[in-house]
Structure formats: structure tokens, C-alpha cells
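What follows is calculated from the coordinates using simple rules that are stated; it is not laboratory data. Keep in mind that this is a model prediction, so the values were computed, not measured. Neighbour counts run over all protein chains shown; Cβ positions are idealised from the backbone, glycine included.
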Amino acid sequence: MPDSHAFTLESLRRVADETFLAALDFHRELPSTNDRALAIAADVERVTPLLVLTETQTSGRGRGNNRWWAGPGALTFSLIVDGGWIAVPTDRWPQIALTVGLAVCESVERLRPGLNVGLKWPNDVYLDDRKLCGILVEVPSQASGRVIIGVGVNVNNSYGSAPAEIQRTAISLRDAAGFEFSLPEVLTEMLQSLESQFERLANDHGHLVRRWSDYCLLSGRHVRVRWGETVTEGRCIGVDDDGALLVDTQNGPRRCVAGVVESFERG
């Protein structure tokens, strides 16, 4: 990968200068940026917003027991913020993942206009019906008031030579656009978009739902959602004002406030 696309001391300084970050914790390789962020967040003396960033993540975590592996070329980071930075009541914190997904979508569109990005409720960004980005939001029990936002984006890590079953489910920006991106520029764009989206979340409650509905990949498709032993199946009719997924089942409309979309009708 060209050096101009990797992180250097100079490019990291530019990221810090051009965004809201108060501190940056960079590593060439980490098992998990979220695990590192959890350890840092426990130290109340550490200033925030703080970004944990790595070029290679070997044991990343997704929701539930899912794993997220990211080799060189992917963009993997975890952002530690205090609740006051998010500036919304804690009962709206479930909307954080939705807000991050929206920020990623809008960033991708600015970086490469014309790409077909969409949001798979509640925390995945898709491109051409394949996964581009995963999001994991955690609230550390030992660091009251802090939130960790983990993001993994397939940027320059091509899936072109991957097995067919992987190519059907995952994609990178490089695969879609046909060229490599500057990782520092992508990171800066996404952090700036995050700041903008959280400002809107605090000041315009309806903005999130309106914009999320524009990107909702599942709208009009048959979905199967599992939460514990409960399974909801039917046609997705969008998201409501609280960010819950609405599913039209045989027994009428149902709200899914949490869960995993086990399957959905492909476009």
C-alpha cells in the first residue's frame, strides 16, 4: 500500500488539528481498539475525546459473539467521549449507533459520490448489498458517563481475491471505486461527520429519523429479527422516531427496539 495512504506522524497531527480530538492513541497493531479504549476509559484522568487507532486489528469484536478482523488497509478506530459531548439524555443513547452509521454513509458519499450506500439496522453500513462497515457502541461500567464508539471500515483492504462466499457478503471502498484512498483523509472526513451528526442529534430530534430512513437498506424487504428467544418476521416498513425497526408481521406491526437481523431479502 502506498505510504501516502498509511498513517505517519505528520498525517496523525493533521487529523488531530482538523478534528475535535483532544488526544490520539495510535498503534501499528492491536487485538481490539474497543478493548484498548475500555482500559483507557477507566482512567478518569485521561482527557477526552480520545481516539484509539490501529493499522491492523487482529481480534476485533462485533455485536454479540461476532468477530471483526481487519488487516492492513482497513480503517479501525474507537472513540472515547464523555456523555456531555454527545449532549443527549441517556435514554436516547441507543440512537448513538444509528447516528454513527449515518455519519459513515454521508462521509462515503462525499468521498466518492455515486456509491450505493445503505444502513442495515441497527449498526451496519452496506455498499451494494455487502457489508462495508461495522459499528460497536459500548458504555463501560467502570467509567460512568463515558461512551466508546468502535468503527471498522473496509477501505483499502480488497476482497477481490477472497473466496466467493466472502465476496458476496463484504466489500471495501477500494473494490467499489477502483482505487485506493488516503486513510488519514477518510478518518478526518468521518470524524468531522460524526461531530456534525451529533450536533444535529442534540438540536433536531427528527433529523436522525428522516436521514436514516433515506438510507434504510431494509425498507420494503422481508426481514427476520431475533432478540433472545423472540423472533420477528415480516416486511420492514422503516424506523420510528426512537430508532426502533418497524416490521409488518402477519399479526400486525411490531417494534424492534433491539435485536439482530438474522436475514433479509436481497435486492
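Assorted remarks:
- In units of the rule-of-thumb radius 2.2 N^0.38 Å, segment 218-264 shows an alpha carbon radius of gyration of 0.98.
- The helix-based estimate of mean residue ellipticity at 222 nm for the chain, built from -39,500 (n - 2.57) per DSSP H run of four or more residues and divided by its residue count, is -8500 deg cm²/dmol to the nearest 500.
- Principal semi-axes in Å for segment 8-162 [√(5λ), Cα gyration tensor, largest first]: 24, 19, 16
- Identified option (computed percent of Cα pairs over 25 Å apart; candidates [x] 43; [y] 46; [z] 51): [x]
- Relative contact order of segment 130-267, defined on C-alpha pairs under 8 angstrom at six or more residues apart (%): 14
- Dipole magnitude of segment 3-214, debye to nearest 20 (Cβ charges: Lys/Arg +1, Asp/Glu -1, about Cα centre): 500
- Share of pairwise Cα separations in segment 180-267, more than 20 Å, in percent: 47
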